[in-house]
Amino acid sequence: MQNKSVLRWGIIGCGAVTEIKSGPAYQKTNGFELTAVMRRDEKLGKDYAKRHHVEKFYTNASELINDSEIDAIYIATPPDTHKLYGLKVAQAGKICCIEKPLAPSYQDCKEIVQAFEQVNIPLFVAYYRRSLPRFNKVKALLEQSEIGVVRHITWHLSKAANDIDMSGNYNWRTDKKIAVGGYFDGLHNNVIYFKTDKSFTKMKVDNMIQLCSNGTDFGDNLFNVKALIE
């Protein structure tokens, strides 16, 4: 792939996540240009492109992926299609960012990662919270040993039912055929960074991911965990 001064992005999936959180960033970031979007519903796709001043829109993901005027793809669809589209992007030899979670299962995650490694093309997952100030502060405290050696972490998260949950209307985030982990898949999967002492340095990253992806009723990939072992 040749280096370009401007990366021309295409977005697959134009749901709520692209309206405010991620879509505008592909237009406002220096060196980025949002050239095309794709949505299966032609009317909604056309409306999105018009409102966000995007030049082209598609109803077929493969057509966007293989557009010669697109350099990189952001996959913002529900989790069940991340592998399908991710492998197509790798085959097309284009940079890819996939909305969290990378995929609903550990095995699917491995296949996506390996596909991009084989063609030596960058692959990213949209864990934007890692760059927020509060998390950078915690990271700095750990790296500077300001709070000593962390040996144990206890974390609790609770979430009240939202309006969609209470209404009984369809919600893909709780459809086990699309998001096998429910809200854990789409909203609360996490990448955990931690430092360890020497007694833990032999622990493998793959083993940690496998540990958290087995033996759960919430699907194969309850959490995406990456251990940074030093």
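In contact with a strand residue (DSSP E or B) (Cβ under 8 Å, 6 or more places away or on another chain), more than 17 Å from ALA16 (Cα to Cα) and either exposed (fewer than 15 other Cβ atoms within 10 Å of the Cβ) or in the same structural domain as CYS14 (by TED's automatic domain parsing) (or both): does that describe TYR48? I'd like the intermediate steps shown before the answer.
Details: in contact with a strand residue (DSSP E or B) (Cβ under 8 Å, 6 or more places away or on another chain): yes; more than 17 Å from ALA16 (Cα to Cα): no; either exposed (fewer than 15 other Cβ atoms within 10 Å of the Cβ) or in the same structural domain as CYS14 (by TED's automatic domain parsing) (or both): yes.
In short, no.
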### Message
Looking at region 100-112, I want the residues that are in contact (Cβ under 8 Å) with a residue 60 or more places away in the chain and have a partner that is surrounded by fewer than 18 Cβ atoms within 10 Å (Cβ to Cβ) and assigned to a loop (DSSP other than H, G, I, E, B) with Cβ atoms under 7 Å, at least 6 apart or on another chain. Which pairs are those?
### Response
LYS100/TYR127
## Note on the structure
Scanning region 59-74 residue by residue, those surrounded by 22 or more Cβ atoms within 10 Å (Cβ to Cβ) and farther than 17 Å from ILE121 by Cα turn out to be ALA61, LEU64
### Selection from region 137-173 of residues that are among the β-branched types (Val, Ile, Thr), touching a helix residue (DSSP H, G or I) at 6+ places or on another chain (Cβ under 9 Å) and assigned to a helix (DSSP H, G or I)
ILE164
### Query
What is the one condition in (1) more than 19 Å from VAL17 (Cβ to Cβ); (2) without any contact (Cβ under 8 Å) to a residue 40 or more places away in the chain that CYS97 does not satisfy?
(1)
### Summary
Scanning region 1-16 for residues that are buried (at least 17 other Cβ atoms within 10 Å of the Cβ) and farther than 11 Å from ILE73 by Cα gives CYS14
## Note on the structure
Listed by first then second residue, the pairs whose first member lies in region 12-32 and is within 13 Å of TYR48 (Cβ to Cβ), whose partner is modelled with pLDDT of 95 or more and of a type in the set (Lys, Arg), with beta carbons under 6 Å and at least 6 positions apart or on separate chains, are CYS14/ARG39
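Among the candidates GLY31, GLY23, which residue alone is out of contact with any His (no Cβ under 7 Å at 6 or more places or on another chain) and either loosely packed, with under 14 Cβ neighbours inside 10 Å or small (Gly, Ala, Ser) (or both)? First the steps, then the outcome.
Details: GLY23 fails: out of contact with any His (no Cβ under 7 Å at 6 or more places or on another chain).
After applying the criteria, what remains is GLY31.
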### Task
Looking at (1) touching a helix residue (DSSP H, G or I) at 6+ places or on another chain (Cβ under 6 Å); (2) modelled with pLDDT under 90; (3) buried (at least 16 other Cβ atoms within 10 Å of the Cβ), find the lone condition where LYS88 falls short.
(2)
### Task
State whether one or more residues within region 99-106 are of a type in the set (Asp, Glu), in contact with a Ser or Thr (Cβ under 8 Å, 6 or more places away or on another chain) and modelled with pLDDT under 95.
yes
### Selected residue (criterion: nearest to TYR74 (Cα to Cα)) from residues of region 121-158 that are within 21 Å of the chain's Cα centre (by Cα) and loosely packed, with under 11 Cβ neighbours inside 10 Å
SER131
## Note on the structure
The lone condition SER5 fails out of (1) without any contact (Cβ under 8 Å) to a residue 40 or more places away in the chain; (2) within 19 Å of ILE65 (Cα to Cα); (3) among the small types (Gly, Ala, Ser) is (2)
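The values are calculated or read from the model by the stated rules, or taken from the named source; none is laboratory data. Given the structure is predicted, the values throughout are model-derived calculations rather than measurements. Because the Cβ atoms are built from the backbone with ideal geometry, glycine has one as well, and the counts that use them run over all protein chains shown.
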